[in-house]
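All remarks here apply to the structure that follows.
The values are calculated or read from the model by the stated rules, or taken from the named source; none is laboratory data. Not measured: the values here are computed from a predicted model. In this analysis, Cβ positions are derived from the backbone assuming ideal geometry, glycine residues included, and neighbour counts consider all displayed protein chains. Ligands, DNA and RNA are stripped out before the accessible areas are found, and what is left, the full protein with its side chains, is counted by its heavy atoms. Shrake-Rupley method; radii C 1.70, N 1.55, O 1.52, S 1.80 Å.
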Amino acid sequence: MADPSSYRPKPGQIPDSPGVYKFRDEHGRVIYVGKAKSLRQRLASYFQDLAGLHPRTRTMVTTAASVEWTVVSTEVEALQLEYSWIKEFDPRFNVKYRDDKSYPYLAVTLGDEFPRVQVMRGHKQKGVRYFGPYAHAWAIRETVDLLLRVFPVRTCTSGVFRNAHRTGRPCLLGYIGKCSAPCVGRVTPEEHRELAEDFCDFMAGRTGTYIRRLEKDMTAAAEDMEYERAARLRDDIEALRRAMEKNAVVLADATDADLIAVAEDELEAAVQIFHVRGGRVRGQRGWVTDKVEAVDTAGLVEHALQQLYGEESGDAVPREVLVPALPDDLDAVTQWLSGRRGSQVSLRVPQRGDKRDLMETVGRNAQQSLVLHKTKRASDLTTRSRALEEIADALGLDAAPLRIECFDISHLQGEDVVASMVVFEDGLPRKSEYRRFQIKGRVGDTQVWHGQGQDDVRSMHEVVSRRFRRYLAEKEQTGEWLPESGEAPASPRPAGADPSAGGEAGPVPAEENGRPRKFAYPPQLVVVDGGRPQVAAARRALDELGIDDVAVCGLAKRLEEVWLPGEDDPVVLPRTSEGLYLLQRIRDTAHDFAIRYQRGKRGKRLRTSPLDDVPGLGDARKRALIKHFGSVKRLRQATIEQICEVPGLGRKTAEAVAVALARTAPAAPAVNTATGEIIEDDDGGTAHGRGSGHE
């Protein structure tokens, strides 16, 4: 625990101007990012008597070892820079909202030549128009099914589209009138794009225009006695109205607004957002966060606005945002939102009428979301704290292990030996710091042994040695560790982001962007998947490197026993122990991560082709060869003159192909040992494995 006075900037060093500041811990990792109208006043508030600070603020300043800052010209710039740094550094003491689910969106790929309507999840892509998010994917599909009658836009995959174009026959939707069939030329690309844009306009809330236009066309068709066309238009109007009924009318027509509500207690907060477009609720989403910093409702709202609109622009930012409390820097936040949209945005608290009633509904959803979240065992802060305390007591640690790293080895009968490292901080996975290792051989020995047998112990020794050797190397680069002279760590040196600021900063990694390197942050506990031999190998690796401040334990699968180095008997935790549950979760996560990597390597090896070794033969010419001859088997039987007939291949390359195929010709057919079937090599790669085994 650090004394804040040890890194407090000297009087007069901190400028009295807007800016963004960063607190770093002893390893140089950013643990908190904040902004201020006056850096001098804000930073001074952190260095008062510890007894007067909020408990979470007190924990942050005693964990930190240095502070630095960047001066900006306006509060809007400070808001943008704060968001960028929180996204880049992921500080542990900042409020970070996490989605409680992956929400589906209705997406229109306007960047394609023939735009496609589909359900999408995950990160938003360039050239795609999104609507939603929705609570369920089936709700999107029901809406799309109704709208395709009026806007017959393509919904098929690229493979189905290419196959229909090749055969000249559309899919079923093309025959029943729910696709304009651009694949077979029924409409031009321009006509199809117009349909897609009309579809987007309708989903964006401009519904009245199309309803009135169709009603006018229906009336005209009836007057001209075109009763079949009039009936079809009548059915189209009914389909549009049924699609509109899927979204309840909650506000006046043409109202575009996002409503944000917050439910909170001392430890956590839940945020719910309703997206209203054209007066109808078009989407809903929710976030949950641990309150790891001292923050009120206004601060939670500001963080939610940053996360919600930090990557958005244009119409994705509505004209009106309704919130339960206004941010402290209202003018700066409003100006920032207006800049993201490109026009004025109103940010306010609803006081009366329909908007206030709807805000109360959103608030009830937020409260329910918080209650449901607290019932989830793995995400409950109290449960995680109890689990870490139980682990500390069982292993005899001085404090709860806030960072735990777990290692696992995976292979298939000695082939493709790999290892995984997963990281849990405060009882939650930190996926950005997961690592994978390809086992090379004995540590400190030139003999390569992997593939010659199953040796998890030596693999564990190697992977732990490599991880912590990198850690020591990066400490040496930062000046924290001087292996030859044995001197004390380098003293803090000025490293404020703004040269004029002159902030004090502790040792930081040598990368230009200031982010810690991959292995710069050590754990308090190393967990290995295995029993006493694997634990001994991990402890021996740490001892050889002179690391004595990292605890080691192992979790054996058979009886779920916890093994400690040098102990003859394991530690047996009760089956109902939260600590055992957390260790099992960490171990299983490492095991799954290692297996996925091992399967990927094995699959890649089994997909190799003899053409891969031909110099100067790229993927395009490989595909041309396989397309021309049909398979590697037939290509192997071809003469050099026949190979030269392939467009783009000269005689020299044809000779190289023939030599490579002759060198890799199989001595005998491959046989599936389980079924006795002879496997033909017709797909451009090896078609058989090397046996089966347990991963």
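Things worth noting here:
- When Val250 is tested against (1) of a type in the set (Val, Ile, Thr); (2) at pLDDT below 90; (3) open to solvent by 20 Å² or more (accessible area, probe 1.4 Å); (4) more than 20 Å from Pro133 (Cβ to Cβ), exactly one condition is not met: (4).
- Residues satisfying the stated conditions in the stretch 265-285, i.e. over 16 Å from Val321 (Cα atoms), under 26 Å from the mean Cα position of the chain (by Cα) and at pLDDT 75 or above: Glu268, Ala269, Ala270
- Which numbered condition Ser369 fails, given (1) open to solvent by less than 40 Å² (accessible area, probe 1.4 Å); (2) closer than 30 Å to Arg280 by Cα; (3) modelled with pLDDT of 85 or more: (3)
- Filtered by the rule that a residue be surrounded by 17 or more Cβ atoms within 10 Å (Cβ to Cβ) and over 24 Å from Leu472 (Cα atoms), the stretch 537-559 gives Leu555, Ala556.
- Which numbered condition Asp592 fails, given (1) acidic (Asp, Glu); (2) within 23 Å of Arg384 (Cβ to Cβ); (3) open to solvent by 70 Å² or more (accessible area, probe 1.4 Å); (4) in a loop (DSSP other than H, G, I, E, B): (4)
- In the stretch 42-72, the qualifying residues are those that are in contact with a Phe, Trp or Tyr (Cβ under 9 Å, 6 or more places away or on another chain) and of a type in the set (Gly, Ala, Ser), and the one that is most open to solvent (accessible area, probe 1.4 Å) is Ala65.
- Phe629 meets all of the listed conditions (1) open to solvent by 50 Å² or more (accessible area, probe 1.4 Å); (2) at pLDDT 80 or above but one, namely (1).
- The lone exception for Leu172 - which of (1) open to solvent by 50 Å² or more (accessible area, probe 1.4 Å); (2) in contact with a helix residue (DSSP H, G or I) (Cβ under 8 Å, 6 or more places away or on another chain) it fails: (2)
- The stretch 265-299 - residue that is among the acidic types (Asp, Glu) and outside any strand (DSSP E or B) and, of those, nearest to Cys200 (Cα to Cα): Asp296
- Test: residue in the stretch 323-337 that is open to solvent by 20 Å² or more (accessible area, probe 1.4 Å), closer than 21 Å to Gly531 by Cα and touching a residue at least 60 places away in the same chain (Cβ under 8 Å): no
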